[in-house]
Amino acid sequence: MRKKQRSITEQRDWGGLRHWYDSPLGRLYAQAETVLLADLLPMLFGYHIITLGDPMGQDLLAASPIAHHCHMDFSDFTATPRLDLLAEPSQLPVAADCMDVVALPHVLEFVAEPHAVLREVERILIPEGHVLILGFNPVSLWGLRWLLGLRRGKSPWDARLLSVTRVRDWLALLGFETLAVHYCFYRPPLKHLPLLKKLAFLERLGARWWPFGGGGYVLLAKKRVSTLTPIKPHWRPRRRLLREGLINHTLGKYRRD
């Protein structure tokens, strides 16, 4: 009996992530991510920008100066009025070399084949195009909660956390250059909103004393395309077998004879 083919996102609760973003902790976390995107997006120019996934339920591309915004998702649950495409992230119905910027909000952590998604991103990006990857940081208090297995199986705690180093290595194999990594949200992942507000001072202390320990990160990378540089051939002049003076002397001898 043949097994039914599973969706690439079936293993993890992508729809549950949207529910989590509606929680007090999720809304605070989304604000922190939006601030990072608001700093990075205005520096990225072009004609077309696409976001793959819409877990926050808000326009992540609002700060982008690019005119044409495209929103794609791969779950009916997260469908919004601005949704343009509904497709698997590893099989995008997008032409090659046409997008200037691609945003991946936690997609790599919830799909079964993150490498396939990155290959699609590389395919649809123009040369020198940019990709923005949002992820949860395993080297943080949030990562500690994942290690402890608290509420395992419920989104977002069922995600597959990917370190910045691992994502950077994957991108390098595809010819990307990592330009910047910014971290956010240094407070612990607590549900109690009043306590979270009291711990707001940790944002300032964490950014100063533990800059790589934020609960989340945004990675910016550029697609590099290797060009063939013509190599000028090194032509060597043919070496003379005889010195010029000796040649002239020999010719004169034959003329006299």
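The values are calculated or read from the model by the stated rules, or taken from the named source; none is laboratory data. The shown structure was predicted, so the numbers you read here are calculated from the model rather than taken from an experiment. Note that we place each Cβ from the backbone using ideal geometry, even for glycine, and neighbour counts take in every protein chain shown.
Condition check ((1) buried (at least 22 other Cβ atoms within 10 Å of the Cβ); (2) within 18 Å of Ala67 (Cβ to Cβ); (3) touching a Gly at 6+ places or on another chain (Cβ under 7 Å); (4) of a type outside the set (Lys, Arg)) across all residues:
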| position | (1), (2), (3), (4) |
| --- | --- |
| Val94 | no, yes, no, yes |
| Met99 | yes, yes, yes, yes |
| Val107 | yes, no, yes, yes |
| Phe110 | yes, no, no, yes |
| His115 | no, no, no, yes |
| Glu120 | no, no, no, yes |
| Ile126 | no, yes, no, yes |
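One residue stands out in the stretch 162-215 among those that are of a type in the set (Asp, Glu) and part of a helix (DSSP H, G or I): the one that is surrounded by the fewest Cβ atoms within 10 Å (Cβ to Cβ), namely Asp169. Only a single item in (1) at positive phi; (2) assigned to a helix (DSSP H, G or I) is not met by Glu128, and it is number (2). All of (1) modelled with pLDDT of 55 or more; (2) aliphatic (A, V, I, L, M); (3) in a helix (DSSP H, G or I) hold for Leu220 with one exception: (3). Scanning the stretch 169-186 for residues that are over 16 Å from the mean Cα position of the chain (by Cα) and in contact (Cβ under 8 Å) with a residue 60 or more places away in the chain gives Cys184, Phe185.
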